[in-house]
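Trainee: One structure, as structure tokens, below. Some questions next.
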Amino acid sequence: MSSASVRELVQSADYGDCISGVNRLNTLPYEEAMTLVEPLMAHENARVRYAAASKIATIGTADLPKSLELLRDRLANDSELDVKAAAADALGALQLKEAYEDLAAVYEATNDWILQLSIVAALSEMGEPKAIEVLLDALETDNDLLLATAIGAIGELKAESAVPRLEAFVCHDDSQVRFRTAQALGNLGGDLAREWLRRMTDDTDAQVVEQAKIALARA
């Protein structure tokens, strides 16, 4: 599809056509795509704003300061939780560590676990050491998917000081939580992590046992 055709779609008054155009923005030079997506971040239709925020995760590399500005605004001010979540996802994909405080503030202010999940995943991608504060707080959740994601993120941050907080999940009811705990302990290492990994090699779930053995070899 030509640049002119994509531009026409993006600027269409029809929401469906507009979203179709947004989905094709990555076929244009990213600098041009960014000029087209910017006004859509404040579009009246939430589906368009969601598509635009999601697309910045890719094309935003062309202008990181502008991407940071646009995504920060949607994260803080959008009326729709899924648009906020898309903005968080994009901030993580672009590894915009400057947005850490923004993400942490929204995490604390929301009770929506899907938005919290997007923020935790974004912090994991960023590799921002300060994120350990939010991730440890996320361990208090009763949502197993959010919990497993937070545990995995702690492992990715290599925050060895967090190892004692993971003991409670070595025998967690959910096997995916235990699996991610084994992964995290392998990434974190140390005597305590190895002790718990040896215990996990007797897990009732074969995948957890296999992951514990792999993790133990590198812990």
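Values in this text are rule-based calculations from the coordinates and carry no lab data. Since we're looking at a predicted model, the values are computed, not measured. Cβ sites come from the backbone with ideal geometry, for glycine too, and all protein chains shown count toward neighbours.
Trainee: Of Trp196, Trp113, how do they rank once you tally other Cβ atoms within 10 Å and put the fewest first? Could you put the intermediate results ahead of the total?
Mentor: On the way: Trp196 21, Trp113 15.
Ordered from fewest to most neighbouring Cβ atoms within 10 Å, Trp196, Trp113 come out as Trp113, Trp196.
Trainee: Treat the stretch 128-219 as a sphere of radius equal to its Kirkwood radius over Cα pairs and apply Stokes-Einstein at 37 °C in a medium of 0.692 mPa s; give the translational diffusion coefficient in µm²/s, rounded to a whole number. Numbers along the way, then the final one.
Mentor: Working: Rh = 12.6 Å.
Rounded to a whole number, D works out at 262 µm²/s.
Trainee: Determine the relative contact order of the chain: mean sequence separation of Cα pairs under 8 Å and six or more apart, normalised by residue count, in whole percent. Before the final figure, lay out each step's value.
Mentor: Details: 334 pairs, mean separation 23.6, N = 219.
That works out to 11 percent.
Trainee: Rounded to the nearest 20 debye, what is the charge dipole size of the chain about its Cα centre when +1 sits on each Lys and Arg Cβ and -1 on each Asp and Glu Cβ?
Mentor: 600
Trainee: With equal scatterers on the alpha carbons only and no solvent term, can you work out the Debye log10 of I(q)/I(0) for the stretch 83-126 at 0.13, 0.20 1/Å?
Mentor: -0.20, -0.48
Trainee: I would also like to ask the following. Let's test the formula: R0 of 22 Å, r as the Cβ-Cβ distance of Glu31 and Ala4. What FRET efficiency results, to the nearest 0.05?
Mentor: Once the sixth-power term is evaluated, E becomes 0.85.
Trainee: Expressed as a fraction of 2.2 N^0.38 Å, the rule-of-thumb size for a compact globular protein of N residues, what is the C-alpha radius of gyration of the chain? Write down the numbers at each step before the final one.
Mentor: Values: Rg = 20.1 Å, N = 219, 2.2 N^0.38 = 17.1 Å.
Against the empirical 2.2 N^0.38 Å value, I get 1.18 for the chain.
Trainee: Using a 10 Å cut-off around each Cβ, can you sort Arg47, Arg180 from fewest to most neighbouring Cβ atoms? Before the final figure, lay out each step's value.
Mentor: Details: Arg47 16, Arg180 26.
Exposure proxy ranking, most exposed first: Arg47, Arg180.
Trainee: For the stretch 171-216, what is the charge dipole size about the Cα centre, in debye to the nearest 20, if Lys and Arg each add +1 at the Cβ and Asp and Glu each add -1 at the Cβ?
Mentor: Here the stretch 171-216 has a charge dipole of around 160 debye.
Trainee: Say each of Asp202 and Leu136 gets a label point 7 Å from the Cα, pointing the same way as Cα to Cβ; how far apart are those two points in nm?
Mentor: 3.0
Trainee: Now for a different question. For the stretch 1-99, state which GluC sites (Glu not before Pro) are in a DSSP loop and have at most 12 other beta carbons lying within 10 Å of their beta carbon.
Mentor: When the GluC sites (Glu not before Pro) of the stretch 1-99 are filtered for loop state and at most 12 Cβ neighbours within 10 Å, Glu44 remain.
Trainee: Could you work out the helix-only [θ] at 222 nm for the chain, with each DSSP H run of four or more residues adding -39,500 (n - 2.57) and the total divided by the number of residues, to the nearest 500 deg cm²/dmol?
Mentor: -20500 deg cm²/dmol
Trainee: Can you compute the FRET efficiency between Ser175 and Leu81 using 1/(1 + (r/R0)^6), with r the Cβ-Cβ distance and R0 = 30 Å? Round to the nearest 0.05. Intermediate results must be reported in sequence, preceding the final value.
Mentor: Numbers: r = 29 Å, r/R0 = 0.96.
Once the sixth-power term is evaluated, E becomes 0.55.
Trainee: Further question on the same structure: For the stretch 69-195, would you read off the P(r) tail past 23 Å as a percentage of all alpha carbon pairs?
Mentor: Details: 2312 of 8001 pairs.
That tail contains 29 percent of the Cα-Cα pairs.
Trainee: Full-extension gain between Ser12 and Asp144, please, as 0.36 nm times their residue separation minus the C-alpha to C-alpha distance.
Mentor: Using 0.36 nm per residue and subtracting the Cα-Cα distance, I get 43.4 nm.
Trainee: Arrange the following residues from fewest to most other Cβ atoms within 10 Å of their Cβ: Cys171, Cys18. Spell out each step's value before the answer.
Mentor: On the way: Cys171 14, Cys18 21.
Placing the least packed residue first, the sequence is Cys171, Cys18.
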